[in-house]
């Protein structure tokens, strides 16, 4: 199916670029030198991502679409520096993530990347505000300022009256909005979200998408999803199958495809 | 530098708040972990307290005997031969005592013998073996709680054994219970069944002194009469000779002089004698040591597994926070805080429960074996046990936290 000619770069400045990245997983451990001498063969390999090149630019929401096992989550994790590619490079602005140590990559995520999970992963013991404010502790920001910024963000995602509630006292949609606020608290350049509406009903999912749309100013957002409505709301879509990019869709094309 | 320090303190305080918050949310898990550690601490304090109790009681008994030196012929060992008791290897004890008393620095030298005898009461019918203690005099060294003291040792009669036998014995509560007798009753005592049938003694009083010293039911009688009923008047064996030195004399100096004069005997102070007896109980001491080691190991293993479990259950949260950019050191500080709290609370409760458990155990020991003060504690046991709990809790948490920090966040989230 012929679509627009692979617009894999956004209009404004690129935030993150994956250049010819491949990710191979091995089932079991790789054999050591002695094991190889003794004739132990390489364990079966799975190519989760194969020679993918994409660029995510500022102020755009990019969707990763494809069936389970197509490599959506792996690409998200590589863009966030949570996984290293087997080959190829991931450039964040001008920084090659491969050159960063584990500690530096953790710090890089803190300062530049917000992560939203399907299952929220909030701390049950903390209030919504404390959950949102937690990453600021690492940046050495004082308690009063942390609380103020967390409250503002919660207000922005529509939870101004819920700041002292614990996750157990919030609905699924509200918890996801707290998770989004937490991902935004350090004012990151890139927000990645893996199935952000996967655990939510349709109406709540819509609210979450509106929230993402609101927060996309001055940053890039990458979503991985199966959900048609979620994918239809993206500025552009990257279609994946068996670890490779099969298509690029503009917003109009993605609306036609998924709405 | 101050900014960096302030930031570290700030992060530490937040890690502490997070620790407390996590615990508030998991009260049952926290309670179970604390109970586990409290029990481990209790096991340590009680086992250590038993060790101290044995030593303290031994020392108290030696002190109560009001003796300064102990003379033995070689090792002082408990034998299982003939139903148990001390080996009496110090022969000709009467003459040796007289010789020792001729030393102007020695106030008195008294032989003491422990031997296994057959005992029967009219009520019990059959013969049972007991430990008999032979002493040439009662005095303050034999504490009588009911009835009368034994009346010296007239049967000895300067080594002729022609003097009249008093046929009087003292027994303890446990012996009275086993034989179903009381003060005024008669019992048969002898080194053999035939000798026991021939010799009848009257119970004149009750004494816990030697039962507590030996930890077994005991009958106490004049030394010459013990030698008579065991057929050992020719060799006059004793377990040891106890010496009281004259006032103003240095015990160590007398010990040194005696050791030079009598190299074939061992001359020991109270403390040395207790140590010598305990050193002979290698199996007993090894068993006690193994028990303490096992209690400590079990405590460490229990703490490690409980903390690992508590922390394992938070792995997804930690994974999400690491993915968000929270550093490993912050998470490890949170986990160490949990270990510190669990260790401190568990250790504190274990220490607080110890006095109650000691009271119960001592009461049981007194009722069952008649041994008072079996478990005794000391401040260092409390402090040490609490310290162990805190250190184990903290180290175990640090290990668990370090392990989690080494795991990629996405693996924690799976």
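The values are calculated or read from the model by the stated rules, or taken from the named source; none is laboratory data. Because the structure is a prediction, the values reported are computed rather than measured. For neighbour counting, all protein chains shown are included, and Cβ atoms are generated from backbone atoms with ideal geometry for every residue, glycine included.
Things worth noting here:
- Residue match in the range B:299-310 (condition: under 29 Å from residue B:403 (Cβ atoms), within 14 Å of another protein chain (Cβ to nearest Cβ) and in a helix (DSSP H, G or I)): yes
- Taking (1) more than 14 Å from chain B (Cβ to nearest Cβ); (2) under 20 Å from residue A:55 (Cα atoms) in turn, residue A:173 satisfies each apart from (2).
- Remark: residue B:384 matches the filter, which requires a residue to be farther than 22 Å from residue B:310 by Cβ and either touching a helix residue (DSSP H, G or I) at 6+ places or on another chain (Cβ under 6 Å) or assigned to a helix (DSSP H, G or I) (or both).
- Any hit, the range A:239-259, residues being assigned to a loop (DSSP other than H, G, I, E, B), modelled with pLDDT under 90 and farther than 24 Å from residue A:154 by Cβ: yes
- Residue B:398 vs. criteria in contact with a helix residue (DSSP H, G or I) (Cβ under 6 Å, 6 or more places away or on another chain), surrounded by fewer than 18 Cβ atoms within 10 Å (Cβ to Cβ), touching a residue at least 40 places away in the same chain (Cβ under 8 Å) and not assigned by TED's automatic domain parsing to the domain that holds residue B:175: yes
- Tallying residues that are touching a helix residue (DSSP H, G or I) at 6+ places or on another chain (Cβ under 8 Å) and in a helix (DSSP H, G or I) within the range B:225-257 yields 1.
- Some residue of the range B:370-378 being away from chain A (no Cβ under 14 Å), over 18 Å from the mean Cα position of the chain (by Cα) and surrounded by 20 or more Cβ atoms within 10 Å (Cβ to Cβ): no
- Helices (runs of 4 or more DSSP H) (entirely within the range B:1-104) containing at least 2 residues that are modelled with pLDDT of 75 or more, closer than 22 Å to residue B:257 by Cα and touching a strand residue (DSSP E or B) at 6+ places or on another chain (Cβ under 7 Å): B:93-101
- If you go through the range A:225-238 and keep only what is part of a helix (DSSP H, G or I) and more than 19 Å from residue A:215 (Cα to Cα), you end up with just A:228.
- Considering the range B:322-350, and only residues there that are within 7 Å of chain A (Cβ to nearest Cβ) and in a helix (DSSP H, G or I), the residue that is nearest to residue B:390 (Cα to Cα) turns out to be B:330.
- Verdict on residue B:297 being without any contact (Cβ under 8 Å) to a residue 24 or more places away in the chain and crowded, with 18+ Cβ neighbours inside 10 Å: no
- Where helices (runs of 4 or more DSSP H) sit wholly within the range A:42-146, those with at least 1 residues that are free of Cβ contacts under 8 Å to residues at least 24 places away in the same chain and more than 10 Å from every other protein chain (Cβ to nearest Cβ) occupy A:102-112.
- Evaluating residue A:157 against the criteria (1) within 14 Å of chain B (Cβ to nearest Cβ); (2) modelled with pLDDT under 90 leaves one unmet condition, (1).
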